[in-house]
1. Based on what the data block shows, is Glu57 in contact (Cβ under 8 Å) with a residue 40 or more places away in the chain, of a type in the set (Asp, Glu) and over 19 Å from Gly187 (Cβ atoms)?
2. Could you list, in sequence order, the residues of region 134-148 that are more than 11 Å from the chain's Cα centre (by Cα) and either crowded, with 22+ Cβ neighbours inside 10 Å or not assigned by TED's automatic domain parsing to the domain that holds Arg112 (or both)?
3. Looking at Leu32, Leu27, Leu49, which is the one that is over 28 Å from Gln124 (Cβ atoms), without any contact (Cβ under 8 Å) to a residue 40 or more places away in the chain, of a type in the set (A, V, I, L, M, F, W, C) and buried (at least 17 other Cβ atoms within 10 Å of the Cβ)?
4. Hey, any hits in region 64-82 for a residue that's surrounded by fewer than 22 Cβ atoms within 10 Å (Cβ to Cβ), closer than 18 Å to Leu123 by Cβ, in contact with an Asp or Glu (Cβ under 9 Å, 6 or more places away or on another chain) and free of Cβ contacts under 8 Å to residues at least 40 places away in the same chain?
5. Restricting region 149-159 to residues that are modelled with pLDDT of 95 or more and among the charged types (D, E, K, R), which is nearest to the chain's Cα centre (by Cα)?
6. Filter region 109-153 for residues that are assigned to a loop (DSSP other than H, G, I, E, B), under 14 Å from Phe78 (Cβ atoms) and not charged (D, E, K, R) and give the result.
7. Any residue in region 111-118 that is over 24 Å from His210 (Cβ atoms), of a type outside the set (D, E, K, R) and either touching a helix residue (DSSP H, G or I) at 6+ places or on another chain (Cβ under 9 Å) or surrounded by fewer than 20 Cβ atoms within 10 Å (Cβ to Cβ) (or both)?
Amino acid sequence: MRALIFDLDGTLVDTVYGHVFAWQRALAEAGLPIEGWKVHRRIGMSGGLFTRAVAREVGRALSDAEAALIQKRHGELFRELLPERRPLPGAVELLRYLRDSGITHGIATSGRHPEIDLSLAALQVPAETVVVDRGDVLRAKPEPDLFLKCQQRLGVPPDECYVVGDAVWDLLGARRAKMLSVGLLSGGYGWDELISAGAFRVYRDPADLHRSLDELGIV
């Protein structure tokens, strides 16, 4: 039995650039101005790792309390910037097909509730779907904990799981979990970057993946 484990932001919902703007503003308010493209390159990391990486880049140390406040502010700004969430092309249909076909799948995201709730609602994800968020694990991406927790809840061995993600951090986490990964271009990373990070296949968006499930041995 094979299973699909999906990232959320940039993979199923069009939220990557909302996160970029929210992080950039939260960091600027904390006296850590940084260019947007540098923020984008780190979307998908855990919030704690992200804030510390930015602080090192601008040459300023951050206490745990400061990092936590920046992360909290990011969540507030993100919900303000994107009060509605838009599924990426084919995402709702893909998830519905997997449910209707009895294909095992789940979602593993570095986001937290309530930040992710509107995205799950926009995707029409039912309550019984396995969803693992940042609060469920000790470490987030690029560590493998999110994917391993999701795999355990799904009851499928790691070597039978595909991780579907849009960022190199998803693919690195998948490699550490000893899972094959599938890259999507919908988060802004290029085909060559995703392949270099270890993607088994790269597709444009969820709709393209849906059309190509046979290439993964999933029908």
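1. Spelling it out, it is not the case that Glu57 is in contact (Cβ under 8 Å) with a residue 40 or more places away in the chain, of a type in the set (Asp, Glu) and over 19 Å from Gly187 (Cβ atoms).
2. Once the filter is applied, which keeps residues that are more than 11 Å from the chain's Cα centre (by Cα) and either crowded, with 22+ Cβ neighbours inside 10 Å or not assigned by TED's automatic domain parsing to the domain that holds Arg112 (or both), region 134-148 yields only Pro144.
3. Result: Leu32 is the single residue among Leu32, Leu27, Leu49 that is over 28 Å from Gln124 (Cβ atoms), without any contact (Cβ under 8 Å) to a residue 40 or more places away in the chain, of a type in the set (A, V, I, L, M, F, W, C) and buried (at least 17 other Cβ atoms within 10 Å of the Cβ).
4. The answer is yes, given that some residue of region 64-82 is surrounded by fewer than 22 Cβ atoms within 10 Å (Cβ to Cβ), closer than 18 Å to Leu123 by Cβ, in contact with an Asp or Glu (Cβ under 9 Å, 6 or more places away or on another chain) and free of Cβ contacts under 8 Å to residues at least 40 places away in the same chain.
5. Top of the filtered list is Lys149.
6. Result: Thr109, Ser110, Gly111, His113, Pro114, Ile116.
7. Yes; the residues of region 111-118 include at least one that is over 24 Å from His210 (Cβ atoms), of a type outside the set (D, E, K, R) and either touching a helix residue (DSSP H, G or I) at 6+ places or on another chain (Cβ under 9 Å) or surrounded by fewer than 20 Cβ atoms within 10 Å (Cβ to Cβ) (or both).
The values are calculated or read from the model by the stated rules, or taken from the named source; none is laboratory data. Quick caveat, the model's predicted, so the values are computed rather than measured. FYI the Cβ positions are ideal-geometry reconstructions off the backbone, even for glycines, and counts take in every protein chain you see.
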